[in-house]
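Visitor: Mind looking over this structure? Questions follow.
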Amino acid sequence: KRKTSARNAFFGKIDQVRVGDVQAVIDIVSVDGQRIHSLVTRESQRRLKLTHGCLVAVEVKAPQVVLYKGIEEPECSAENRFRGAVRRVVKGRINSEVVVRISERTDLCAVITEQSRAALQLKAGDPVWAVFNASVAVIHLD
């Protein structure tokens, strides 16, 4: 029912809510078993009644996904890290779209500069890590 411009969506259940003074970290386990972390304000957590067991969708816009080429998990501050393989690359003059398969049923789309894609020499089949920060993982309820 929902229409969105976000290319990446996870559907799952809230596994844990860690509440801080201003914000809360919401840990979601997707139907494919991926763990996604989302950072929301305490007000949003209360207003949406985000508690253990709630069914939610999590969306991330493609430009927010950063890619690291290789098998080794990258050392970075991103809370959400997914190992995968490049499925396809759509090259553009300025930006390129890179679709990464992270599980049998889940792809993540990243939009990166063509300069970055060329520097990494990304092509179909390459092992990569797709990462994003918890602050860009938007939670939706139906």
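Visitor: Go through the range 127-138 residue by residue and tally those that are out of contact with any helix residue (DSSP H, G or I) (no Cβ under 8 Å at 6 or more places or on another chain) and either surrounded by fewer than 21 Cβ atoms within 10 Å (Cβ to Cβ) or free of Cβ contacts under 8 Å to residues at least 40 places away in the same chain (or both). Outline the logic, then answer.
Guide: Pass one, the range 127-138, residues out of contact with any helix residue (DSSP H, G or I) (no Cβ under 8 Å at 6 or more places or on another chain): 127-131, 134-135, 137-138.
Now narrow it down to the ones that are either surrounded by fewer than 21 Cβ atoms within 10 Å (Cβ to Cβ) or free of Cβ contacts under 8 Å to residues at least 40 places away in the same chain (or both): 127, 134-135, 138.
So the count comes out to 4.
Visitor: Collect the residues in the range 6-31 that are surrounded by 13 or more Cβ atoms within 10 Å (Cβ to Cβ) and either part of a loop (DSSP other than H, G, I, E, B) or of a type in the set (Asp, Glu) (or both), keeping them in residue-number order.
Guide: Passing the criteria: Ala6, Arg7, Asp15, Asp27, Val31.
Visitor: May I ask you to verify whether Lys3 is out of contact with any strand residue (DSSP E or B) (no Cβ under 7 Å at 6 or more places or on another chain), open to solvent by 20 Å² or more (accessible area, probe 1.4 Å), part of a loop (DSSP other than H, G, I, E, B) and at positive phi?
Guide: Details: out of contact with any strand residue (DSSP E or B) (no Cβ under 7 Å at 6 or more places or on another chain): yes; open to solvent by 20 Å² or more (accessible area, probe 1.4 Å): yes; part of a loop (DSSP other than H, G, I, E, B): yes; at positive phi: no.
Taking the combined requirement at face value, the residue does not satisfy it.
Visitor: Could you list, in sequence order, all residues of the range 32-54 that are open to solvent by 40 Å² or more (accessible area, probe 1.4 Å) and without any contact (Cβ under 8 Å) to a residue 60 or more places away in the chain?
Guide: Keep residues of the range 32-54 that are open to solvent by 40 Å² or more (accessible area, probe 1.4 Å), which gives 32-33, 35, 39, 41-43, 46-49, 51-52.
Selection gives Arg35, Thr41, Arg42, Glu43, Arg46, Arg47, Lys49, Thr51, His52.
Visitor: Going by the structure shown, is Ala118 free of Cβ contacts under 8 Å to residues at least 12 places away in the same chain, open to solvent by 20 Å² or more (accessible area, probe 1.4 Å) and of a type in the set (Gly, Ala, Ser)?
Guide: On the way: free of Cβ contacts under 8 Å to residues at least 12 places away in the same chain: yes; open to solvent by 20 Å² or more (accessible area, probe 1.4 Å): yes; of a type in the set (Gly, Ala, Ser): yes.
Answer is yes for this residue.
Visitor: Let me ask something additional. Please go through the range 32-51 and give me each residue that is part of a loop (DSSP other than H, G, I, E, B) and touching a Ser or Thr at 6+ places or on another chain (Cβ under 9 Å), ordered by number.
Guide: At the first step, the residues of the range 32-51 found to be part of a loop (DSSP other than H, G, I, E, B) are 32-34, 48-51.
The answer is Asp32, Gly33, Gln34, Leu50.
The values are calculated or read from the model by the stated rules, or taken from the named source; none is laboratory data. All values reported here derive from a predicted model rather than from experimental measurement. Cβ: placed from backbone, ideal geometry, glycine included. Neighbour counts: every protein chain shown. The protein model used for the area step is the full one, side chains on, heavy atoms only, and it has no ligands, DNA or RNA in it. Shrake-Rupley method; radii C 1.70, N 1.55, O 1.52, S 1.80 Å.
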